[in-house]
Amino acid sequence: MEIEIESREDLKSILPFLPLLLRSSTLFWPSQVVETLKSMAAGPDHSGVNSGEALFHSISNIRNSLSLPNQRLASSSQHGYVLFFDKLMSETESTQWFREVIPALGNLLLQFPSLLEAHYRNTDQLASKGSGKPKTGLRLLASQVAGTVYLSQELIGALLACAFFCLFPVIDRRVQNLPTINFDYLFARICSSIPVGFVSFERKVLPLNNCAGYFCCPKANFWINSTIPLCQFRVKDSGLIEDQTFGALEVDFANEYLGGGALHSGCVQEEIRFMINPELITGMLFLPAMADNEAIEIVGAERFSNYTGYAFNFCFAGNHEDKREIDSLGRHKTFITAIDALCSPGMRQYRLEFLLREVNKAFCGFFDQSKYDHYKSQFLESGEDVTDHTDTSRNNLPVHESISDARENYFGRSLTPECLDHKDDIGIATGNWGCGAFGGDPQVKSIIQWLAASQALRPFVMYYTIGTRPLHHLEKVSEWILAHKWTVGDLWSMLVEYCSQISNGQTHVGFFDWLLPASSKTNLCCLS
């Protein structure tokens, strides 16, 4: 049964952060906004919006009609519109923007209320098809509340248009730990035709306390006693995560605030990803900062741009045609998990509590809670409680099933009819997470991610080193470890011992040199 829109809890949670009004079961723009948008949609000859200066004044008029003038834009925003459209952009491109793109945006914004109402109606229809269906309506996915938001690309386009025109209210966003969403002085190109696919945004949580049907945030004994085998580990010295062709879950080296500096001054891994897959920006509207036991997974974001360089050398390199397959829910088969590492950890990164924080953060990003029941049945002794992380025997594999069979069976089944249908056998594509600007130890971080991916039953890790010198022998080290058939518990114990020694000043070498016996290190040196 369809819920009256004014009674919807999902809409109530997000409405304070939207520019629309709600009355008599209808979402709408104020009449002054409608007139401005209609004029804009009619083209520059009708609206007079034919320059950066005129665009800024039109945006200001819309904001005034929404009673937003007291929520000031960035001080340089007016200059930014003028600089970008009237000076930096060529006359041909600028003309195209004001004759084609701006009218299209105006028309899309006129449709925004009806698109949002249709979104909630479709959500009700999905829920009515059977009990146990997860909620997928647009709502505030608050911290510690696991859930998924499932949006059409057309609705995402309208939300991004709101961000482009800086129409989202900013009051109370900081109270909810929400990142900024309005573009202010940032502009992005949009496609001339509206895509017809969908994108899902999921907040993933490893509950801190026992919670029926959910895998809890592991304690140290969980990792020490794990008998899960290490998955395959493949090293790429060149190439980029987003270009992988192995159908892997791609790691976003995230800020705790999703998107990081994407709408400000940042231009490293996460910000670049948000520029080439701009639909990701939509998640900044309703996803507050991540806690230590949380991650965010986004499926279906289309890629629109190519690029060269990094940070100060970053440069747009042309349009990108996203040819990735579409799943049964209309999403591109692009899987992205956002996990935030410790920032500037220094020596504390070697302390057990922070090792545990990092491996659990990665595990949260890599593990699929919808597979909980199967994970429990395949890898825990019959009748054991997986939420009791002090039980040192709970990870033992059933004696009747081989390790390879268990891993294959885990990935080979669809467990719950209501879960959004992932490709079940995808591995992890990652790299120097938490290193670089965040200052983490790349050798330790690579091992942490391997442990987390293996425990999450991923079939492989594809690791992009981008030529990082401390990881020069990563492939040979991983081969040596795999040859010895170590389990997650074996490798974790060695990592903990190393970190204890480096914290106490008992060793000053890197983990790889510390781990390998002298004969193996000699062989590695010969290969240098």
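Some notes on this structure:
- When residue 336 is tested against the conditions (1) within 24 Å of residue 466 (Cβ to Cβ); (2) among the β-branched types (Val, Ile, Thr); (3) not in a strand (DSSP E or B), the lone failure is (3).
- The number of residues in the range 59-84 that are open to solvent by less than 20 Å² (accessible area, probe 1.4 Å), out of contact with any helix residue (DSSP H, G or I) (no Cβ under 6 Å at 6 or more places or on another chain) and not basic (Lys, Arg) comes to 4.
- Some residue of the range 150-170 being outside any helix (DSSP H, G or I), aliphatic (A, V, I, L, M) and more than 21 Å from the chain's Cα centre (by Cα): yes
- Pairs where the first residue, in the range 85-104, is open to solvent by 90 Å² or more (accessible area, probe 1.4 Å) and the second is assigned to a loop (DSSP other than H, G, I, E, B), C-beta under 7 Å, 6+ apart: 99/43; 100/192
- Scanning the range 224-281 for residues that are of a type in the set (S, T, N, Q), closer than 21 Å to residue 462 by Cα and open to solvent by 20 Å² or more (accessible area, probe 1.4 Å) yields 232, 238, 245, 269.
- Pick from the range 1-29, criterion touching a residue at least 24 places away in the same chain (Cβ under 8 Å), assigned to a helix (DSSP H, G or I) and not hydrophobic (A, V, I, L, M, F, W, C), ranking: farthest from residue 286 (Cα to Cα): 9
- Scope the range 446-456; condition crowded, with 24+ Cβ neighbours inside 10 Å and either acidic (Asp, Glu) or in contact (Cβ under 8 Å) with a residue 40 or more places away in the chain (or both); matching residues: 447, 448, 449, 450, 451, 452, 453, 454, 455
- Inter-residue pairs, beta-carbon under 8 Å, first over 24 Å from residue 260 (Cβ atoms) and touching a residue at least 40 places away in the same chain (Cβ under 8 Å) and in the range 321-342, second assigned to a loop (DSSP other than H, G, I, E, B) and among the acidic types (Asp, Glu), 6+ apart: 327/421; 328/421; 329/421; 333/325; 333/327
- Of all residues in the range 422-445, those satisfying the criterion of being of a type outside the set (Gly, Ala, Ser) and open to solvent by 10 Å² or more (accessible area, probe 1.4 Å) are 422, 423, 424, 425, 432, 435, 438, 441, 442, 443.
- Selection status of residue 30, at pLDDT 95 or above, of a type outside the set (A, V, I, L, M) and touching a strand residue (DSSP E or B) at 6+ places or on another chain (Cβ under 7 Å): yes
Residues are listed down the side, and each one gets a yes or a no for (1) touching a His at 6+ places or on another chain (Cβ under 6 Å); (2) within 17 Å of residue 29 (Cβ to Cβ); (3) not charged (D, E, K, R):
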{"residue": "74", "(1), (2), (3)": "no, no, yes"}
{"residue": "78", "(1), (2), (3)": "no, no, yes"}
{"residue": "96", "(1), (2), (3)": "no, no, yes"}
{"residue": "113", "(1), (2), (3)": "no, yes, yes"}
{"residue": "124", "(1), (2), (3)": "no, no, no"}
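- Taking the criterion of being closer than 18 Å to residue 439 by Cβ and open to solvent by 30 Å² or more (accessible area, probe 1.4 Å), the residues of the range 312-352 that qualify are 343, 344, 346, 347, 348, 351.
- Residue that is surrounded by the most Cβ atoms within 10 Å (Cβ to Cβ), among those in the range 18-58 that are closer than 25 Å to residue 90 by Cβ and touching a Leu at 6+ places or on another chain (Cβ under 8 Å): 40
Residue by residue, here is whether (1) outside any loop (DSSP other than H, G, I, E, B); (2) closer than 13 Å to residue 336 by Cα holds:
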residue: 245; (1), (2): no, no
residue: 252; (1), (2): yes, yes
residue: 265; (1), (2): no, no
residue: 273; (1), (2): yes, yes
residue: 279; (1), (2): yes, yes
residue: 285; (1), (2): yes, no
residue: 289; (1), (2): no, no
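- Failed item, numbered, when residue 144 is tested on (1) at pLDDT 90 or above; (2) open to solvent by 50 Å² or more (accessible area, probe 1.4 Å); (3) outside any loop (DSSP other than H, G, I, E, B); (4) out of contact with any Gly (no Cβ under 7 Å at 6 or more places or on another chain): (3)
- When residue 382 is tested against (1) modelled with pLDDT of 70 or more; (2) surrounded by fewer than 14 Cβ atoms within 10 Å (Cβ to Cβ), only condition (1) is not met.
The values are calculated or read from the model by the stated rules, or taken from the named source; none is laboratory data. Note that the structure is a prediction, hence the values are computed from the model and not measured. So basically every Cβ, Gly included, is an ideal-geometry build from the backbone, and we count neighbours across all protein chains shown. In case anyone asks, the SASA skips ligands and DNA or RNA and just uses the protein heavy atoms, side chains included. Shrake-Rupley method; radii C 1.70, N 1.55, O 1.52, S 1.80 Å.
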